[in-house]
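Heads up: the structure comes next, in structure tokens.
The values are calculated or read from the model by the stated rules, or taken from the named source; none is laboratory data. Nothing here was measured: the structure is a model prediction, and the numbers come from that model. All Cβ positions, even for glycine, are placed from backbone atoms using ideal geometry, and neighbour counts span all protein chains on display.
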Ligand code: ASP
């Protein structure tokens, strides 16, 4: 009798683990904006899909092997930060004075702990700094020099600011960056201008990831170079918990991209979670309400990716395009660019 009870209990435990494994989900974005097919070459389009697929598969491997959503989000975002296709890490947009200033954040839906950094110029992967701030500091947000000092103390990879400025071939976002550089360095940089002029233009390009692991934990992270030509140490929504990033196991995880000033004022990520928590809306209803109604009324352009505790996903955006994708337990990575 005792043994049959133990057996039944073990079978039930196994089944519930399988049920949770069934729900593993990962959703990403690589920025929203004026991303139009007519401005895109097939090679560039393929490069975006390939990189998003690579990131999704990396996250999926972690989740499928029993890994945690926090690791999946960090590793996925690192891949996107390291790719010059996106406005985060390498390939980030330039500030008005010709530098790259990076912002990132991460939030753990199990504990509601969060970490974020802003205006860092030498940390190779700002998402890893956001995570260390969450895990190893008593604070939520560190900025500028102090954040960089903490990154050094934590042994994170430090690079010269020029690392982020490496030129690459196929960059829609790089044109935006390039035009600003060209304006600034008109005299020095004449040779670059024809190449830069060929590239499709885009305003945004932040990266983000939300993951649900088999333990039911939701983590959201976002990383960005901010908005091109930004001045005076401008900080956008990406490192602001509740605006660009939010996660709560009871509701959802959200990562945003778009015109940060509007996303801060609309408290986009938290608002979606709050509509679910207080109004009982589904993820889809809440996400659409905020992105397609509230933000549109305010004049804010962009989108979000999100998932809920059951692995439902939402990816609404009110701009012409948004690099985005998801992968679920079946391991089929799906990526999209246009409406
Ligand atoms: N939201 C970012 C910012 O305003 C920009 C982006 O999403 O591309 O800093």
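A few notes on this one:
- Selection status of residue 104, within 15 Å of the ligand (Cβ to nearest atom), touching a residue at least 24 places away in the same chain (Cβ under 8 Å), touching a strand residue (DSSP E or B) at 6+ places or on another chain (Cβ under 7 Å) and part of a strand (DSSP E or B): yes
- Filter result for residue 337 (away from the ligand (no atom under 14 Å from the Cβ), under 28 Å from residue 58 (Cα atoms) and in a helix (DSSP H, G or I)): no
- Residue, farthest from the ligand (Cβ to nearest atom), within segment 256-277, restricted to residues that are crowded, with 23+ Cβ neighbours inside 10 Å and over 23 Å from residue 94 (Cβ atoms): 273
- When residue 293 is tested against (1) touching a residue at least 60 places away in the same chain (Cβ under 8 Å); (2) more than 14 Å from the chain's Cα centre (by Cα), exactly one condition is not met: (1).
- Contact annotation: residue pairs with Cβ atoms under 6 Å, 6 or more positions apart or on different chains, pairing a residue in segment 220-243 that is surrounded by fewer than 20 Cβ atoms within 10 Å (Cβ to Cβ) with a partner that is modelled with pLDDT under 95, are 229/96; 229/180; 231/96.
- Residue 292 meets the conditions (1) within 16 Å of the ligand (Cβ to nearest atom); (2) surrounded by fewer than 24 Cβ atoms within 10 Å (Cβ to Cβ) in every case but one. The failed one is (1).
- Selection count, segment 296-307, where residues are surrounded by 19 or more Cβ atoms within 10 Å (Cβ to Cβ) and free of Cβ contacts under 8 Å to residues at least 60 places away in the same chain: 1
- From the list 214, 162, 167, 176, the lone residue that is modelled with pLDDT under 80 and more than 14 Å from the ligand (Cβ to nearest atom) is 167.
- Here residue 242 fulfils each of the conditions (1) touching a strand residue (DSSP E or B) at 6+ places or on another chain (Cβ under 8 Å); (2) within 15 Å of the ligand (Cβ to nearest atom) apart from (1).
- Qualifying position, being at pLDDT 95 or above and in a helix (DSSP H, G or I), among 61, 45, 38: 61
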